Amino acid sequence: MKIRLIRNATLSLHYAGQHFLIDPCFAEKFQMPSYGGNSKNPLVELPLSREKIVAGVDILMVSHLHSDHFDKSAQLFLEKDLPLLCQEEEENQIKKMGFCNVRPIANSYTEGSLQIQRIKGRHGEGEVLRQMGPASGFLFTAPGEPDFFWCGDTILFNDLKKWLQEKQPEIVMTHSAGAVWEGVKIIMDEVQTVEVCNLLPGSIIIATHMDAVDHATVSRKHLREYADQREISREQLLIPEDGEELVFEPKH
């Protein structure tokens with residue numbers, strides 16, 4: 001298994017012989033509107049060219065249709081016949097963008113020995129949750145690979161805590177910027193990220209979605225300092241930089 005953080009939530013994932021491009025957002029720095037009234041977005045440039053990012057990609061995957069996860073630049077640039085996995089609620093919207101090989105996931109998706117289970121998230125609370133709409137995380141499993149759970153845009157809520165403790169995925173990726181919408185936290189922050197570490201002491205946690213959008217409240221630096229103060233090891237909590245690649249050995 002190999003993961004490269006591109007920027008924010010955009011990932012390159014090699015898993016079970018497939019090369020996934022996850023939540024592609026290709027906008028240039030400051031090309032998109034502000035989300036929090038502080039700056040145009042994204043706050044940083046892509047670390048690689050779009051051509052290098054898409055080279056060799058087998059499958060696209062979109063957790064939800066917010067613009068920092070699937071933007072106009074990516075929609076125009078990507079090949080329209082690539083398989084695209086998405087939430088079933090957004091299948092028709094994505095087809096209207098011209099993508100012709102859309103594969104909606106209601107509960108799970110299977111390709112050979114690879115299984116992907118959809119886990120519904122909670123992208124905020126109260127009225128903001130209704131505004132945000134559906135957002136999902138996905139559990140990847142395959143023989144010889146570590147179980148990998150990508151949380152997606154969600155806060156840490158009781159049902160998710162119970163599921164994590166039951167499943168104990170070996171590798172968990174959190175969106176940890178503590179982004180705020182109308183005063184409400186809509187993804188995990190430093191407190192909830194450390195809570196995930198404590199819930200899963202035997203798992204590796206990879207924190208992403210930081211230092212790229214203007215409605216965030218948590219930076220990589222702040223998260224690391226907070227985790228260090230609470231004695232979360234740097235071997236357990238990984239905080240990759242944009243463009244950084246992480247490799248995990250196959251299970252034997």
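Here Ser113 meets each of (1) under 22 Å from Lys167 (Cβ atoms); (2) free of Cβ contacts under 8 Å to residues at least 40 places away in the same chain; (3) open to solvent by 40 Å² or more (accessible area, probe 1.4 Å); (4) of a type in the set (Ser, Thr, Tyr) with one exception, condition (2). All conditions but one from (1) of a type outside the set (S, T, N, Q); (2) open to solvent by 40 Å² or more (accessible area, probe 1.4 Å); (3) more than 21 Å from Arg7 (Cβ to Cβ) apply to Ile105; the one that does not is (2). Being closer than 18 Å to Met188 by Cα and open to solvent by 30 Å² or more (accessible area, probe 1.4 Å) is true of Lys162. What single numbered condition from (1) open to solvent by 20 Å² or more (accessible area, probe 1.4 Å); (2) touching a residue at least 24 places away in the same chain (Cβ under 8 Å); (3) part of a helix (DSSP H, G or I) fails to hold for His66? Every condition holds for His66 apart from (3).
If you scan the range 168-183, which residues turn out to be surrounded by fewer than 24 Cβ atoms within 10 Å (Cβ to Cβ) and under 17 Å from Ile206 (Cα atoms)?
Those that are surrounded by fewer than 24 Cβ atoms within 10 Å (Cβ to Cβ) and under 17 Å from Ile206 (Cα atoms): Gln168, Pro169, Glu170, Ile171.
In summary, Ser49 fulfils each of the numbered conditions (1) small (Gly, Ala, Ser); (2) surrounded by fewer than 19 Cβ atoms within 10 Å (Cβ to Cβ); (3) closer than 22 Å to Thr217 by Cα with the single exception of condition (3).
Considered as a group, the residues in the range 193-252 that are at pLDDT below 95 and open to solvent by 80 Å² or more (accessible area, probe 1.4 Å) include one that is farthest from Val180 (Cα to Cα), and that residue is His252. Output yes when any residue across the range 74-85 is open to solvent by 70 Å² or more (accessible area, probe 1.4 Å), assigned to a loop (DSSP other than H, G, I, E, B) and at pLDDT 95 or above, and no when none is. So far as the range 74-85 goes, yes, one or more of its residues are open to solvent by 70 Å² or more (accessible area, probe 1.4 Å), assigned to a loop (DSSP other than H, G, I, E, B) and at pLDDT 95 or above.
The values are calculated or read from the model by the stated rules, or taken from the named source; none is laboratory data. Everything numeric in this text was worked out from a predicted model, so none of it was measured. No Cβ is skipped: glycine too gets one built from the backbone with ideal geometry, and neighbour counts run over all protein chains shown. Side chains are part of the model used for accessible areas, which takes the heavy atoms of the whole protein and leaves out ligands, DNA and RNA. Shrake-Rupley method; radii C 1.70, N 1.55, O 1.52, S 1.80 Å.
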